[in-house]
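Data block below; observations after.
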Amino acid sequence: FLQDETGDNDATTSDGILVFTGSAPVVSVGDRIQLSATVTEFKTGTGTEAQARPVTELTSPSAISVQQTGVSLAPTIVTFPEMNEGDLEQFEGMLVTIDTPLTASQNYFEGRYGQVTLAAAGRLLKPTNLYPAGSAEAVALADSNARRRIILDDGTTVQNPNPIPYIGADNTLRAGDTVASVTGIIDYGLATSSTAGNSDYKIHP
């Protein structure tokens, strides 16, 4: 991920971008660089959400020149939950801090993919556990869930990572555990093990 230190002074657009290298990067965190690359829109899956929200990225980077090392960026403070589902797109690829208490709401993929679903304002409840399917209440709760949810991701595609990330002091992580805040890079991608499944915004701490 690269980020413009100055930005474009437009809070509705991102100052960061993903660079797809296809192999281990030749630069390090904190390097100020110049490069040439091709801008593309990458769809992270075949599902409806992934098709509707492609990730802007740079591909085939070349002429990479390190201008300075040891540069630091202050994270942008993000208001969470989102006002509207999809608002996190304006921070895609950027270093941010979600300065909101978050609750582990789902940890099914923690051991397999290094992912934990976090939610603002407590755990997520399945709308149809409370309301009839398709009712106004169920639709409203589904929207609330979508705006309150983000995936804590270990930033790799490794399956069954060892050690398992995000294990707590008691050697576990349970739904209902909380974190005061989280700082990392905003990304977007698959939220399930199926390329046709749901996609969502992620944070790589």
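Check off (1) without any contact (Cβ under 8 Å) to a residue 24 or more places away in the chain; (2) farther than 30 Å from Ala196 by Cβ; (3) loosely packed, with under 12 Cβ neighbours inside 10 Å for Gly7 and give me the number that stays unchecked.
(3)
Does the range 90-99 hold any residues that are open to solvent by 30 Å² or more (accessible area, probe 1.4 Å) and not aromatic (Phe, Trp, Tyr), and which are they?
Of all residues in the range 90-99, those open to solvent by 30 Å² or more (accessible area, probe 1.4 Å) come to 90-91, 95, 99.
Gln90, Leu95, Asp99 - these are the residues of the range 90-99 that are open to solvent by 30 Å² or more (accessible area, probe 1.4 Å) and not aromatic (Phe, Trp, Tyr).
Go through the range 161-188 residue by residue and tally those that are hydroxyl-bearing (Ser, Thr, Tyr) and over 13 Å from Thr97 (Cα atoms).
So the count comes out to 4.
Any residue at all in the range 105-117 that is over 21 Å from Tyr201 (Cβ atoms) and open to solvent by 50 Å² or more (accessible area, probe 1.4 Å)?
Within the range 105-117, not a single residue is over 21 Å from Tyr201 (Cβ atoms) and open to solvent by 50 Å² or more (accessible area, probe 1.4 Å).
Check the range 125-135 and report whether any residue there is under 29 Å from Pro75 (Cβ atoms) and not small (Gly, Ala, Ser).
no
Checking the conditions here, which among Ser144, Ser181, Ser199 is among the polar types (S, T, N, Q), under 29 Å from Asp4 (Cα atoms) and at pLDDT 95 or above?
Ser181
Restrict the check to the range 137-148 and report whether at least one residue is among the β-branched types (Val, Ile, Thr), open to solvent by less than 60 Å² (accessible area, probe 1.4 Å) and in contact with a helix residue (DSSP H, G or I) (Cβ under 8 Å, 6 or more places away or on another chain).
No, that holds for no residue.
Here is a yes/no grid of residues against (1) under 30 Å from Val139 (Cα atoms); (2) among the hydrophobic types (A, V, I, L, M, F, W, C):
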| position | (1), (2) |
| --- | --- |
| Leu35 | no, yes |
| Thr40 | no, no |
| Arg53 | yes, no |
| Ser72 | no, no |
| Tyr113 | yes, no |
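Restricting the first residue to the range 41-60 and requiring it to be closer than 17 Å to Gly86 by Cα and of a type in the set (Asp, Glu), which pairs with a second residue that is open to solvent by 90 Å² or more (accessible area, probe 1.4 Å) and in a strand (DSSP E or B) meet a Cβ separation below 7 Å and a spacing of at least six or different chains?
Going by the 7 Å Cβ cut-off, there are no qualifying pairs.
The values are calculated or read from the model by the stated rules, or taken from the named source; none is laboratory data. Everything numeric in this text was worked out from a predicted model, so none of it was measured. Neighbour counts are summed over all protein chains in view; Cβ atoms, including those assigned to glycine, are modelled from backbone coordinates with ideal geometry. All accessible areas refer to the heavy atoms of the entire protein, side chains included, with ligands and DNA or RNA removed. Shrake-Rupley method; radii C 1.70, N 1.55, O 1.52, S 1.80 Å.
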